[in-house]
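Chemist: Have a look at this one before I ask anything.
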Amino acid sequence: MTDIRTNYLTLADGHQIPQEGFGVYKLTDPDEFRKAIHNAYESGYRLFDTAQMYGNEAELGSALKELSVPRDDYFVTTKVSEANQGYQTAIDSVKQSLQRLQLDYVDLLLVHWPIHTHFFETWRAFQDMKKQGLTKSIGVSNFGMAHLQLLASQANEMPVLNQLECHPRLSEKPMIKYNQEHNILTQAWAPLGRTTVFDIPELKELAAKHHKSVAQIILRWHFQNGLSFIPKSSHPERIKENADIYDFSLNADEMAVIEGLNHNKRISQEPEMVYEFGKQYPHHFKN
């Protein structure tokens, strides 16, 4: 039977990625961090997703080191922040990230947000870093169709993955279809909508019907849509619960119910606005 340990997807460059991973956004307390990574690994997670912006690459590096397992037993993603975009700046920043992570390479390196400044030279740096062995695969995060089309006008190779905010209130169907048509895997960040969707009656009904949690229903929906997804939690029972979605399935009608919850409602920033400003801008989280 498929489970979180054995469930991998193949990227366009031939490398494999665990379909379900563990996000570490806003995990900063060293002790809590170490326990979370240990619990995640014990629960079967093999993909760990961080970013320069999160300020916790060093904590992830230390926690992974403490596992005392072979390097090829886990998959690490990090992302280059807006402040570090640009050709040489990106390369220098990734070398610093690797030092913090105590790694010779990351499995996946992402441009965190598209910005109009340094747009092409950042990607040129990514292509070169892949050649240099600093990363196995290169991708992007928060890129819309227009950003990918612009990138294609100069890129020698295209991203193998596009990480997007994606949850029942923001299902991103057109973007996912576009990614698929261009051999780009979609990976959902904030796959649980940062808990803003937990009180939706339709999801509660599905959870009761399947004797699962609302979080498990949502993650199963992502799984059946063929997305990669990276839930985060610091609670041991939730970490384990989020990994336990492989013993049931949603039928076509149930999938359609979840699709019907889409409001195109973001909890984070609008990628086009970040692109224009050249950095993330102040915004408010609203339900």
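Chemist: Looking only at segment 84-128, which residues are of a type in the set (A, V, I, L, M), open to solvent by 10 Å² or more (accessible area, probe 1.4 Å) and assigned to a loop (DSSP other than H, G, I, E, B)?
Modeler: Result: LEU103, single match.
Chemist: Considering only residues that are among the acidic types (Asp, Glu) and either open to solvent by less than 50 Å² (accessible area, probe 1.4 Å) or at pLDDT 90 or above (or both), which ones fall in segment 252-271?
Modeler: ASP253, GLU254, GLU259
Chemist: Just wondering, is there one or more residues in segment 174-184 that are β-branched (Val, Ile, Thr), surrounded by fewer than 22 Cβ atoms within 10 Å (Cβ to Cβ), part of a helix (DSSP H, G or I) and in contact with a Ser or Thr (Cβ under 8 Å, 6 or more places away or on another chain)?
Modeler: Looking through segment 174-184, at least one residue is β-branched (Val, Ile, Thr), surrounded by fewer than 22 Cβ atoms within 10 Å (Cβ to Cβ), part of a helix (DSSP H, G or I) and in contact with a Ser or Thr (Cβ under 8 Å, 6 or more places away or on another chain).
Chemist: Which of the residues spanning segment 239-274 are small (Gly, Ala, Ser), outside any helix (DSSP H, G or I) and under 19 Å from the mean Cα position of the chain (by Cα)?
Modeler: Of everything in segment 239-274, just one residue is small (Gly, Ala, Ser), outside any helix (DSSP H, G or I) and under 19 Å from the mean Cα position of the chain (by Cα), namely SER268.
Chemist: Could you tell me whether any residue of segment 187-196 is β-branched (Val, Ile, Thr) and open to solvent by 10 Å² or more (accessible area, probe 1.4 Å)? Walk me through it before giving the result.
Modeler: Within segment 187-196, the subset β-branched (Val, Ile, Thr) is 195-196.
With the extra rule that they be open to solvent by 10 Å² or more (accessible area, probe 1.4 Å), the set shrinks to 195-196.
Yes, segment 187-196 has at least one match.
Chemist: Can I ask one more? If we keep just the residues of segment 197-214 that are not polar (S, T, N, Q) and not in a helix (DSSP H, G or I), which is surrounded by the most Cβ atoms within 10 Å (Cβ to Cβ)?
Modeler: VAL197
Chemist: For PHE48, work out the one condition from (1) within 19 Å of the chain's Cα centre (by Cα); (2) in a helix (DSSP H, G or I) it doesn't fulfil.
Modeler: Only one criterion in (1) within 19 Å of the chain's Cα centre (by Cα); (2) in a helix (DSSP H, G or I) is unmet by PHE48, namely (2).
Chemist: When only residues in segment 44-60 that are closer than 27 Å to PHE119 by Cβ and among the small types (Gly, Ala, Ser) count, which is surrounded by the most Cβ atoms within 10 Å (Cβ to Cβ)?
Modeler: ALA51
Chemist: Right, something else. Return the residue satisfying two criteria in turn: it lies in segment 5-42 and is assigned to a loop (DSSP other than H, G, I, E, B) and open to solvent by less than 30 Å² (accessible area, probe 1.4 Å), and of such residues it is farthest from GLU157 (Cα to Cα).
Modeler: Step by step, filter segment 5-42, then rank; the result is LEU27.
Chemist: Which residues, counting only those in segment 139-161, are part of a strand (DSSP E or B) and either within 16 Å of THR10 (Cβ to Cβ) or in contact with a Ser or Thr (Cβ under 6 Å, 6 or more places away or on another chain) (or both)?
Modeler: Result: GLY139, LEU161.
Chemist: Follow-up. Any residue at all in segment 61-69 that's at pLDDT 95 or above, crowded, with 20+ Cβ neighbours inside 10 Å and in contact with a Ser or Thr (Cβ under 8 Å, 6 or more places away or on another chain)?
Modeler: No, there is no match, as no residue in segment 61-69 is at pLDDT 95 or above, crowded, with 20+ Cβ neighbours inside 10 Å and in contact with a Ser or Thr (Cβ under 8 Å, 6 or more places away or on another chain).
Chemist: Just for segment 235-245: of the residues that are within 14 Å of ALA215 (Cβ to Cβ), in contact (Cβ under 8 Å) with a residue 12 or more places away in the chain and not hydrophobic (A, V, I, L, M, F, W, C), which one is most open to solvent (accessible area, probe 1.4 Å)?
Modeler: Across segment 235-245, the extreme among qualifying residues is LYS240.
Chemist: To continue, here is another question. Among the numbered criteria (1) open to solvent by 60 Å² or more (accessible area, probe 1.4 Å); (2) under 19 Å from the mean Cα position of the chain (by Cα), which one does LYS279 miss?
Modeler: Here LYS279 meets the rest and fails (2).
The values are calculated or read from the model by the stated rules, or taken from the named source; none is laboratory data. All of these numbers come straight from a predicted model, not from anything done at the bench. Cβ atoms come from the backbone with ideal geometry, glycine included; neighbour counts cover every protein chain shown. Each accessible area value is taken on the protein alone, full model and side chains, heavy atoms only, with ligands, DNA and RNA left out. Shrake-Rupley method; radii C 1.70, N 1.55, O 1.52, S 1.80 Å.
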